[in-house]
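**Student:** Quick one: the structure is below, and I'll ask about it shortly.
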Amino acid sequence: RRPPPGDLASLPELDEASLLGGLRERFLRQQVYTAVGDILIAMNPFQPLPLYGSEVSERYRHHQTGSLSPHIFAVASRAYHTMLGHRGGGPQSQCIVI
């Protein structure tokens, strides 16, 4: 399985320097969400960005994992569909820590 775009877990070496460097690079490109495996890191952009409109929400509603950049909508969609058992294997309890 190919790692999603923006997933720092796919770095050849995952240490503090490479993690912070990757976060900085993405932040400078106004990509405030970054995945590290199943963990989503959000950084405050200190400016309005078009990240939360209904068009963006619809894009993430039924997307395939790995097809779009990391986003809070992707986390919510994955948790919701897994909770309902739509991802195979029956319903599973979910927990999201913010």
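The values are calculated or read from the model by the stated rules, or taken from the named source; none is laboratory data. What you are looking at is a predicted structure, and each value in this text was computed from that prediction instead of being measured. All Cβ positions, even for glycine, are placed from backbone atoms using ideal geometry, and neighbour counts span all protein chains on display. All accessible areas refer to the heavy atoms of the entire protein, side chains included, with ligands and DNA or RNA removed. Shrake-Rupley method; radii C 1.70, N 1.55, O 1.52, S 1.80 Å.
**Student:** Could you tell me whether residue 61 is closer than 29 Å to residue 82 by Cα, surrounded by 14 or more Cβ atoms within 10 Å (Cβ to Cβ) and charged (D, E, K, R)?
**Tutor:** So residue 61 fails the test.
**Student:** Name the residues in the range 22-36 that are touching a Pro at 6+ places or on another chain (Cβ under 9 Å) and of a type in the set (Gly, Ala, Ser), would you?
**Tutor:** Across the range 22-36, the qualifying residue is only 35.
**Student:** Among the residues of the range 64-98, how many are part of a loop (DSSP other than H, G, I, E, B) and open to solvent by 30 Å² or more (accessible area, probe 1.4 Å)?
**Tutor:** 17
**Student:** Which residue out of 23, 40 is assigned to a helix (DSSP H, G or I), within 22 Å of residue 97 (Cα to Cα) and without any contact (Cβ under 8 Å) to a residue 60 or more places away in the chain?
**Tutor:** The match here is 23.
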